1. Taking region B:47-100, which residues are more than 16 Å from the ligand (Cβ to nearest atom) and in a strand (DSSP E or B)?
2. Would you point out which residue out of B:77, B:39, B:14, B:95 is modelled with pLDDT of 95 or more, over 23 Å from the mean Cα position of the chain (by Cα) and not assigned by TED's automatic domain parsing to the domain that holds residue B:211?
3. Which numbered condition trips up residue B:260, out of (1) away from chain A (no Cβ under 14 Å); (2) in contact with a strand residue (DSSP E or B) (Cβ under 8 Å, 6 or more places away or on another chain); (3) surrounded by fewer than 22 Cβ atoms within 10 Å (Cβ to Cβ)?
4. Kindly indicate the residue of region B:181-227 that is away from every other protein chain (no Cβ under 14 Å), more than 18 Å from the chain's Cα centre (by Cα) and under 23 Å from residue B:34 (Cβ atoms) and also farthest from the ligand (Cβ to nearest atom) among those meeting that condition.
5. Hey, can you tell me all the residues within region B:118-154 that are surrounded by fewer than 17 Cβ atoms within 10 Å (Cβ to Cβ) and in contact (Cβ under 8 Å) with a residue 60 or more places away in the chain?
6. Any idea how many residues of region A:136-151 are in contact with a helix residue (DSSP H, G or I) (Cβ under 6 Å, 6 or more places away or on another chain) and in a helix (DSSP H, G or I)?
7. Going through A:118, A:79, A:87 one at a time, which residue ends up being within 15 Å of the chain's Cα centre (by Cα), within 14 Å of another protein chain (Cβ to nearest Cβ) and either within 25 Å of residue B:57 (Cα to Cα) or crowded, with 19+ Cβ neighbours inside 10 Å (or both)?
8. Name the pairs whose Cβ atoms lie under 8 Å apart, with the first residue in region A:171-183 and more than 7 Å from chain B (Cβ to nearest Cβ), the second assigned to a helix (DSSP H, G or I) and surrounded by 13 or more Cβ atoms within 10 Å (Cβ to Cβ), and 6 or more positions between them or separate chains?
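The values are calculated or read from the model by the stated rules, or taken from the named source; none is laboratory data. In this text, all values refer to a predicted model and were calculated from it rather than measured experimentally. For neighbour counting, all protein chains shown are included, and Cβ atoms are generated from backbone atoms with ideal geometry for every residue, glycine included.
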Ligand code: SF4
């Protein structure tokens, strides 16, 4: 188990290999469909982003509402592929260093990850209750009008992820599947 | 003739929405233990154990197993000796969904229109399937359906000449293409027969049968076993990161069909095998 604390620099990102189990500490930002579209449009229009993504990690999540006394409701990953159209821009222009989600990524995203040194982490899809327990604080930092799709800053402790695609483009989905395939 | 006031349906649906999103059945706990025992991949076993821990946490804190608490799919069995009073049954069911998703702090994921795409804010309307049966009872099953596993489900109208082999090929192709989007290990629901809409409904109904239970017809039970073995040889594994356990089970439901038809449908249910039922 490897522990990392955000922000992470390029060298740290490049040292992680597909299949590594990692515990993330520090802050991470949430962002899914609507927030990505808005950030992308802002960059296209030559505007600045409301948060500095350099060396930071974005978590693709749309949590359940928090019950009284809870920091956040169930908060597992959503399918990353829907963010693929926007991700290369965030990596190349803003040096986004990591993403957490589930499912595969497009060749364009992987190319940007290799060029800049960005890691794609996987959190367990559907383990929302477990993952929510590792989130200690959740504050809206941008696009509040988007409700559950707003950008939140999360303080996490030992947030468990697996390196899905590393900075060399090694993909755990393909490696793992071929290892156990019997057809 | 028995009278049922639909106002009494509201609190029942409310409870079932919360229960189904926070509690998994006995059968699930048995199936996950069996999966952990059989999984060969270390990461795979780790993931399965974490899913178990997740389910335990959700149950003890009465919080959602997964944040995608779905669109509420509701099956109604209405005994024909029942007279409904006190309003419209579907309005009552939707009111129950509204209250359940709000009071249970469940995520509201339903949009008013597929193109305008504005959130209705209370997870209504539900998708309701009604069957008229013998008797004087009203049975309600709530089965919340998340998008990850629904989006990679599908229907195919096979040629009858493609037969069982065609069915196996289609199911396997669907499993391979779905990969990790279904949050494996899954329950694979398969419908065979009927027509276009009936076969899709069969596949969905197949997800309601308890895990590790075979179909009563021997040739269908055998096909379930064969498909399960095949699916678990794909190597996809837990969360599609490689391993033995891609599916916890395969359930098939069948219905008579036309001489020129062989419809087949696959409906995936992610590891969060959620449903709860009650009889009034
Ligand atoms: S597929 Fe199921 S477990 Fe996975 S995110 Fe969707 S609802 Fe949750």
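1. B:74, B:75, B:76, B:77, B:78, B:79, B:82, B:83, B:84, B:85
2. Going through B:77, B:39, B:14, B:95 in turn, just one is modelled with pLDDT of 95 or more, over 23 Å from the mean Cα position of the chain (by Cα) and not assigned by TED's automatic domain parsing to the domain that holds residue B:211: B:39.
3. Residue B:260 satisfies every listed condition except (2).
4. B:218
5. B:129, B:136, B:137, B:139, B:147 - these are the residues of region B:118-154 that are surrounded by fewer than 17 Cβ atoms within 10 Å (Cβ to Cβ) and in contact (Cβ under 8 Å) with a residue 60 or more places away in the chain.
6. 2
7. A:79
8. Partner pairs satisfying both residue conditions: A:171/A:110.
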